[in-house]
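Enquirer: Handing you a structure now.
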Amino acid sequence: MTLAPETTDLKIELALDGDWFTVCDLSTLLPGRGVAALLPDGRQAAIFRDRCGDLFAIDNRDPFTGAAVLSRGLTGTHRGRPFVASPLLKQRFDLTSGECLDDETVRVTAYQVRIA
Amino acid sequence: MTATEGATPTIVLVGHGMVGQRFLEALAERGLTATHRVVVLCEEPRPAYDRVQLTSYFSGTTPEDLSMTDMEFIKDHGIELYVGDPAESVDREARRVTARSGLVVDYDVLVLATGSYPFVPPVPGKDAEGCFVYRTIEDLLAIEEYAKKAQVGAVVGGGLLGLEAAGALKGLGLTSHIVEFAPRLMPVQVDDGGGAALLRTIEEMGLSVHTGVGTQEVVVGEDGSVTGMKLSDGSELATDLVVFSAGVRPRDQLARDCGLTVGERGGITVDEQCRTVADPHVFAIGECALASDGRVYGLVAPGYEQAETAAATIASDEASFTGADLSTKLKLLGVDVASFGDAHGTAEDCLDVVYSDSRAGLYKKLVIGRDGTLLGGILVGDAEAYGTLKAFTGSVPPVAPESLVLPAGAGESVQLGPSALPDDAIVCSCHNVSKGTIRGAVTDHQCTTVPEVKKCTKAGTGCGSCVKVLGQLVNAELEASGVEVDKGLCGCFSQTREELYEIVLALRINTYQDLLDRHGREEARGGDGCETCKPTVGSIIASLAPTIGASGYVLDGEQASLQDTNDHFLANLQKNGSYSVVPRIPGGEIAPEKLIVIGEIARDFGLYTKITGGQRIDMFGARVEQLPLIWARLVDAGFESGHAYGKSLRTVKSCVGQTWCRYGVQDSVKMAIDLELRYRGLRSPHKLKSAVSGCQRECAEAQSKDFGVIATANGWNLYVGGNGGATPRHADLLAQDLSDAELVRLIDRFLMFYIRTADRLERTSTWLERIPGGLDHVRDVVVHDSLGICDELEQLMQAHVAHYRDEWAETINDPEKLSRFVSFVNAPDTPDPVVAFVPERDQMKPDLPLLSIGMRPAADVLEGSAQR
Ligand code: SRM
Ligand SMILES: Cc1cc2nc3c(=O)[nH]c(=O)nc-3n(C[C@H](O)[C@H](O)[C@H](O)COP(=O)(O)OP(=O)(O)OC[C@H]3O[C@@H](n4cnc5c(N)ncnc54)[C@H](O)[C@@H]3O)c2cc1C
Ligand code: SF4
Ligand code: FES
């Protein structure tokens, strides 16, 4: 999907308990970087946009350190899977499934995202 | 209460220490947890933890970090673990164990893994308040607590554990003494020569060592707590705290009480299968066992082997434990100490090869048999060669033994690569992995990286001392088997960093995407790259920005997405998600007005302040949304970014120099400031540090810097390639007696040549050691211009200097960039609730428990927990 640059009124929405929760304008997201959003129940989500414009969202809390920082990590592609590397101890998490690529026993929540 | 269950046979393990845990893993690996009921009685209030690393508790490792027990594992295998419930008696006739809680378990197989207890010599006063032993996490917690009100501490026993304990006391801020009965430290592991080298180094660290004296009495004050010790030479030592570390004894009381055979000097007697000689239903493993070779092993590796042996025997597999190697390599108080094989030369007719330099705290001895076989050795101060030497033990090394112990640089020294090792040489003694097995992992199991080999063979996952040799072996094996070892930067680029630099410079490529799509690996083109190449390319683009027509501001356009989080927020990320702020203080010189500003800002934002090791001030605990507010005030007061976050110039430290110091021969402060201002903001493969000293006394420690300058009567001497940090290296002299202008020109060239040719995250010290030709080559290039590139190098630096702008000043004036400094995109005014603080020593520190629980219900907020 390619979007025209002046689509500022487009919003990013997150699937939460069967409902769509509006997070921010699409234009606030830099390709290749993330932002954090506060969810109604106090949890945090990290939302990313890749260079093609695809969106991803996972839990913001780094399970290895407990800090809420995954949104501040660097993103990339590993064997076709989009991932973010935690900025603290560098473990990578698959952005679509939330699975940790460096330790298959660890996984963070992944959220569905859409543009509306 | 009686816990019995149908007809499933039951294995009861008494003692959940390191060896007990390993035994459980071995049971699981052999499928025995599926066919047996497994009951574990654990005396300590916590399940098995890493006792070997116990002392690391004092350097910040938490009891949770030390844990070796994965509760998932226990659960998945249906193991019944009773924590804090020791076995009290065994009825061998009825095959029944009773625990303290009253729990009764019938067993088919009983395994004793009760470990040891610390031996406390029967001196008067030994039980007074203030006397401790050093074995469990609880012991350490008690010592830590007591040390708060103590000034002096003494350790009885100068063996391996005694030294560790003394180091820990020193770390707790106590004046520390070591009292050892034998005439030298570590009498079991090292000989007199090694002891002397160790003594010197340890005394230099400020510990007092008393050898050849025994402890006769612990002197107790009126309130019943320790006040001193009487020694066998008649002297008295004043101390507030005593730690006994005079050896350990097997915990065999339970076995004695139920009539099992124990050795004369303790230890439950077992056969080669680790089965007790008195009862085929009972096994003993680990430090409580007296092995079939008549020894009680006080190290963890032999215990692991016994655990495997017992599990195999229970599974009716063949295995035996007939004895083990007592090799050890330790880092005690920062000193390498290793001994292996027949370290004391007990074999008939053996000869020693000794290299000793007590001034440098070095002692190396090899024990060689008549036929040239390497039998063992001792290394103190430098145990680099331990892995290789230990593996050669028992064979005739392919080179003369002398050459193996001479220090590097002493002419004759030879580096024996691990490729020379025989296949049956044990490379990892913690897990008993041979070189052959490691090669097999590469050739048969297609492992291509060290982490894969570790996973496959377990090698390197214990004490870690073999990891270096492991890495060398894996690479050698890959190369030998024709796999071209991929020297590419990462999965996205097949080029090295140096090659990418040349491509970017020659083709004037100024975006990452362009570089990836045109020069990346086929499969990576069009993708999103990875966390390795993005910052590397980001750094190359930043180093060359003015020359290749890129923006010199790292948060502009695409460059923002390439930066590590620190560079992206222009601050250093801390463990709880807050940031630290380090303004530049060139040369370490700062006027009172500016000091006051820093103090005011720290006070107003409630930041933790600390003087750094780099002669400046760090303010910790800023939330991301506070960074712009803090910097607005700093910039206003004339401060600039200190780039503590960047792979770039950090600080140029200075000594006070000629202006004030009676010895100074040049103005070192001015030179340091000039250099710091010239190279500030220069992005490089790794961080760059520098220092300028006003005379040869070297108070600024310039010889430990990437480029260091020392004043002479005639000008400046320039040293390069120094390093403090993990692998310290003294800098090499590049040129002497330079004028100011010559000095600057040479540094310009040196830095640009380094930036051009170094690998990613390669400090100048490792770079200098790696590049072909080493220092001589670098001198040819930058002093004698042998490649004819000096003009270009100087121009590149000119361009950097001319285009430098302060990143923070630029950021606070750019609303779009500022909008990124929020915790939450949808709630810009809400701070991250995980970032909270608790008070400590008049300041604050991160609320660390909060990190593990994630969120605290409002009512449950820790007292003092500040939600600033
Ligand atoms: C703050 C400070 C410690 C202090 O409280 O004093 C510090 C803190 C950190 N050091 Fe350091 N180092 C600090 C002085 C040093 C020094 C002393 C010096 O500069 O004279 C050294 C040894 C000298 C040297 O580098 O050769 C030092 C050797 C290291 C190393 C090892 C580098 C090496 O080549 O072996 C690392 C790890 C690395 O860079 O890979 C490191 C990494 C770090 C990091 C960046 C670790 C991290 O990623 O979180 C720390 C974060 C800083 C922060 O959050 O602000 N720090 N570090 C010092 C900041 C100095 C400054 O004003 O900028
Ligand atoms: C500070 C320190 C540093 C060390 N450094 C090294 C090193 O560098 N290299 C090395 O190889 N070794 C080192 N060791 C030794 C190593 O820790 C031991 O060899 C290893 O822990 C032995 O394992 P184990 O399971 O036999 O005994 P332990 O780990 O002591 O476990 C025995 C457990 O059994 C429990 N127990 C006892 N009686 C009962 C009962 N009746 N019922 C239930 N439970 C019971 C005990 O509470 C204990 O938890 C070090 C030890 C210490 C203290
Ligand atoms: S290095 Fe020399 S000039 Fe500088 S403070 Fe030390 S003694 Fe004085
Ligand atoms: S020797 Fe300890 S991990 Fe290999």
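The values are calculated or read from the model by the stated rules, or taken from the named source; none is laboratory data. Predicted model only: the values in this text are computed from it and were never measured. A quick note on method: Cβ atoms are made from the backbone with ideal geometry, for glycine too, and the neighbour counts reach across all protein chains shown.
Enquirer: Residues to consider are B:E204, B:E287, B:E222, B:E236; find the one that is of a type in the set (D, E, K, R) and within 16 Å of ligand 2 (Cβ to nearest atom).
Expert: Only one candidate passes the filter, namely B:E287.
Enquirer: Does B:Q696 satisfy the condition of being more than 30 Å from B:S494 (Cβ to Cβ) and in a loop (DSSP other than H, G, I, E, B)?
Expert: Answer is yes for this residue.
Conditions (1) over 19 Å from B:R51 (Cβ atoms); (2) surrounded by 20 or more Cβ atoms within 10 Å (Cβ to Cβ); (3) in contact with a strand residue (DSSP E or B) (Cβ under 6 Å, 6 or more places away or on another chain), marked per residue:
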site: B:Q273; (1), (2), (3): yes, no, no
site: B:V282; (1), (2), (3): yes, yes, yes
site: B:G286; (1), (2), (3): no, yes, no
site: B:L290; (1), (2), (3): yes, yes, yes
site: B:L299; (1), (2), (3): no, no, no
site: B:T309; (1), (2), (3): yes, yes, no
site: B:A319; (1), (2), (3): yes, no, no
site: B:G323; (1), (2), (3): yes, no, no
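Enquirer: What are the pairs, 6+ residues apart or on separate chains, where a residue within segment A:24-36 that is within 7 Å of chain B (Cβ to nearest Cβ) has its Cβ under 8 Å from a residue that is surrounded by fewer than 20 Cβ atoms within 10 Å (Cβ to Cβ) and part of a strand (DSSP E or B)?
Expert: That search, which allows pairs on different chains as well, returns A:C24/A:K11; A:V35/A:C24.
Enquirer: Which residue out of B:L775, B:L768, B:L793, B:L761 is modelled with pLDDT under 90, surrounded by 13 or more Cβ atoms within 10 Å (Cβ to Cβ) and either more than 14 Å from chain A (Cβ to nearest Cβ) or assigned to a loop (DSSP other than H, G, I, E, B) (or both)?
Expert: Exactly one residue qualifies, and that residue is B:L761.
Enquirer: Restricting attention to segment B:619-629, does a residue exist that is touching a Ser or Thr at 6+ places or on another chain (Cβ under 8 Å) and either within 8 Å of ligand 1 (Cβ to nearest atom) or at positive phi (or both)?
Expert: Yes - at least one qualifying residue is present in segment B:619-629.
Enquirer: Output the residue which, of all residues in segment B:560-582 that are within 10 Å of ligand 1 (Cβ to nearest atom) and not in a loop (DSSP other than H, G, I, E, B), is nearest to A:G66 (Cα to Cα).
Expert: B:L573
Enquirer: Could you check, for segment B:134-147, whether at least one of its residues is of a type in the set (G, A, S) and over 25 Å from B:E203 (Cα atoms)?
Expert: Yes, the conditions are met somewhere in segment B:134-147.
Enquirer: Run B:A197 past the list (1) crowded, with 24+ Cβ neighbours inside 10 Å; (2) at pLDDT below 85; (3) touching a helix residue (DSSP H, G or I) at 6+ places or on another chain (Cβ under 9 Å) and report the number of the one that doesn't hold.
Expert: Condition (3) is where B:A197 drops out.
Enquirer: Give the residues of segment A:74-98 that are more than 7 Å from chain B (Cβ to nearest Cβ), of a type in the set (G, A, S) and touching a helix residue (DSSP H, G or I) at 6+ places or on another chain (Cβ under 9 Å), sorted by residue number.
Expert: The answer is A:G80, A:S86.
Enquirer: If you take just the strands (runs of 3 or more DSSP E) that sit entirely in segment B:195-238, which of them hold at least 3 residues that are under 24 Å from B:A147 (Cα atoms), in contact with a Gly (Cβ under 7 Å, 6 or more places away or on another chain) and in contact (Cβ under 8 Å) with a residue 40 or more places away in the chain?
Expert: Passing ranges, in order: B:215-220.
Enquirer: Could I ask something else about it? Tell me, which residue of segment B:426-444 that is within 16 Å of ligand 2 (Cβ to nearest atom) and not β-branched (V, I, T) is nearest to B:S481 (Cα to Cα)?
Expert: That would be B:C428.
Enquirer: Being outside any loop (DSSP other than H, G, I, E, B), under 13 Å from B:I747 (Cα atoms) and more than 13 Å from ligand 1 (Cβ to nearest atom), is that true of even one residue in segment B:700-714?
Expert: Scanning segment B:700-714 turns up at least one residue that is outside any loop (DSSP other than H, G, I, E, B), under 13 Å from B:I747 (Cα atoms) and more than 13 Å from ligand 1 (Cβ to nearest atom).
Enquirer: Condition check: more than 22 Å from A:A15 (Cα to Cα), more than 7 Å from chain B (Cβ to nearest Cβ) and touching a residue at least 24 places away in the same chain (Cβ under 8 Å). Does A:S71 satisfy that?
Expert: Criteria not met by A:S71.
Enquirer: I would also like to ask the following. Limited to segment B:47-88, what total is found for residues that are in contact with a helix residue (DSSP H, G or I) (Cβ under 6 Å, 6 or more places away or on another chain) and of a type in the set (F, W, Y)?
Expert: So the answer is 3.
Enquirer: A further question on this structure: I'm trying to understand the selection: among the residues of segment B:154-185, which are within 22 Å of B:K230 (Cβ to Cβ), under 26 Å from the mean Cα position of the chain (by Cα), of a type outside the set (A, V, I, L, M) and outside any loop (DSSP other than H, G, I, E, B)?
Expert: B:G162, B:T175, B:S176, B:H177
Enquirer: For segment B:44-63, name all the residues that are of a type outside the set (A, V, I, L, M) and without any contact (Cβ under 8 Å) to a residue 60 or more places away in the chain.
Expert: Those that are of a type outside the set (A, V, I, L, M) and without any contact (Cβ under 8 Å) to a residue 60 or more places away in the chain: B:P47, B:D50, B:Q53, B:S56, B:G60, B:T61, B:T62.
Enquirer: Kindly list, by first and then second residue, each pair from a residue in segment B:656-670 that is more than 16 Å from ligand 1 (Cβ to nearest atom) to a residue that is modelled with pLDDT of 95 or more and of a type in the set (F, W, Y), limited to pairs with Cβ atoms under 8 Å and residues at least 6 apart or on different chains.
Expert: Cβ pairs passing all conditions: B:Q666/B:W716.
Enquirer: Under the condition of being buried (at least 18 other Cβ atoms within 10 Å of the Cβ) and part of a loop (DSSP other than H, G, I, E, B), which residue from segment B:125-134 is nearest to ligand 2 (Cβ to nearest atom)?
Expert: B:Y134
Enquirer: Among the residues of segment B:715-726, how many are assigned to a loop (DSSP other than H, G, I, E, B) and within 21 Å of B:D748 (Cα to Cα)?
Expert: 2
Enquirer: Another question, if that's okay. Just a yes or no: is a residue in segment B:612-633 more than 32 Å from the chain's Cα centre (by Cα), away from ligand 3 (no atom under 16 Å from the Cβ) and free of Cβ contacts under 8 Å to residues at least 24 places away in the same chain?
Expert: Within segment B:612-633 (the criterion being more than 32 Å from the chain's Cα centre (by Cα), away from ligand 3 (no atom under 16 Å from the Cβ) and free of Cβ contacts under 8 Å to residues at least 24 places away in the same chain), the answer is yes, since at least one residue qualifies.
Enquirer: Working carefully through the options B:T764, B:T757, find the one that is closer than 28 Å to B:T536 by Cβ, β-branched (V, I, T), in contact (Cβ under 8 Å) with a residue 12 or more places away in the chain and within 14 Å of ligand 1 (Cβ to nearest atom).
Expert: Residue meeting the stated conditions: B:T764.
Enquirer: Being crowded, with 17+ Cβ neighbours inside 10 Å, in a loop (DSSP other than H, G, I, E, B) and either out of contact with any Asp or Glu (no Cβ under 8 Å at 6 or more places or on another chain) or modelled with pLDDT under 90 (or both) is true for just one of B:V781, B:V825. Which residue is that?
Expert: One residue alone meets the criteria, B:V825.
Enquirer: Check segment B:526-540 and report whether any residue there is within 14 Å of chain A (Cβ to nearest Cβ), over 34 Å from the mean Cα position of the chain (by Cα), in a loop (DSSP other than H, G, I, E, B) and buried (at least 16 other Cβ atoms within 10 Å of the Cβ).
Expert: yes
Enquirer: If A:D25 meets every condition in (1) within 21 Å of B:T830 (Cα to Cα); (2) within 13 Å of the chain's Cα centre (by Cα) apart from one, which number is that one?
Expert: (2)
Enquirer: What tally of residues in segment B:519-537 results from selecting those that are closer than 17 Å to A:D54 by Cα and in contact (Cβ under 8 Å) with a residue 40 or more places away in the chain?
Expert: Selection size over segment B:519-537: 1.
Enquirer: How many residues are closer than 18 Å to B:T565 by Cα and either touching a residue at least 12 places away in the same chain (Cβ under 8 Å) or more than 10 Å from chain A (Cβ to nearest Cβ) (or both) when one looks only at segment B:821-830?
Expert: Final tally of qualifying residues: 3.
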